[in-house]
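Single-structure report; data block below.
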Amino acid sequence: MRILMIAPPGAGKGTQGAIIAAHFQIRHIATGDLLRAHVADQTALGLAVKRHLDVGELVPDQIVLEMVREALLEAKHAGGGYVLDGVPRTMAQARATYDIGSELGMTANVALYLKADDQELTRRLLARAAVEHRADDTEDVIARRLALYRELTHPIVEWYHQRGILVSVDAMRPVEEVGREILAALEVMRTLVDQVPEEARHAVDLTNIGSPFNQTRQP
Ligand code: ADP
């Protein structure tokens, strides 16, 4: 399975990415974790990106994409599967990630979208701030990250929808519930990936499963 995740900050990409990676025995490539590790180790790359991370701005594409290329190459040697967490964050990154994937013969076959509203996301990120002390989990920086997500990242969801590889899941529920639903959906996709050509597939939307009376939720 070759999966990429699109989700606002706080939706649970990291947690669900780890669950998916363990289930399918594939690499979990989390750009935020890789960048924070560089900052902690005070590498040249870490020193270059720290100011972006601290204020919630995006790190330059070139840096992130080079990291992704390296991680994908490693994943290729380790069997070819991966779950990408944190990339793409812009339309330009989406295209570049596709190009790198094409070049390596390993473009994503599923785009997983985790849906949650801003109020819940802010609540979760502030709760995490109290425990993890991440430099970017302050109220101002959270607001900036959410705004960047809405403006730059969210529009990519539609692109994957059109490509027929989108799986949307309601991430407003407890971790285990969301995890179960993701794995069930991905198992179905695995069969499709093996048997149905990409151009014949349709997007899978599970975001309304919890609201049978048609309460519409905010994107
Ligand atoms: P979150 O999704 O909660 O914001 P991440 O750990 O995925 O957390 O990312 C943290 C920070 O790392 C981002 O705010 C950004 O500064 C940087 N970052 C991660 N991935 C990318 C990317 N693909 N492009 C640019 N910056 C990135």
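Computed packing ranks the peptides 187-198, 102-113, 35-46 as 102-113, 35-46, 187-198, most packed first, by mean other Cβ atoms within 10 Å. Sorted largest first, the principal axis extents computed over the alpha-carbon atoms of region 135-186 equal 36, 29, 15 Å. The phi-based Karplus calculation (6.51 cos²θ - 1.76 cosθ + 1.60; θ = phi - 60°) puts the 3J(HN,Hα) values of region 61-77 at 3, 4, 5, 5, 5, 5, 4, 5, 4, 4, 5, 5, 4, 4, 4, 4, 5 Hz, whole numbers, x for Gly and Pro. With each label modelled as a point 7 angstrom along the Cα→C-beta vector, the HIS154-GLU57 pair spans 2.3 nm. In units of the compact-protein estimate 2.2 N^0.38 Å, the chain shows a Cα radius of gyration of 0.99. Between GLU70 and ASP99, full extension at 0.36 nm per residue minus the direct alpha carbon distance yields a gain of 9.1 nm.
Computed over neighbours whose Cβ is under 11 Å from that of GLY32, the net charge equals +2, Lys and Arg +1, Asp and Glu -1. Each of LEU47 and LEU206 was given a label point 7 Å from its Cα along the Cα-to-Cβ line. The distance between the two points is 4.6 nm.
Dividing the helix sum by the residues of the chain, where each DSSP H run of 4 or more adds -39500 (n - 2.57), gives a mean residue ellipticity at 222 nm of -17500 deg cm²/dmol.
Any read-out appearing in this document is the output of simple, stated calculations on the displayed coordinates, not a laboratory observation. Everything numeric here is computed off the predicted structure, so don't read it as measured data. Note: ideal-geometry Cβ built from the backbone for every residue, glycine included; neighbour counts use all protein chains shown.
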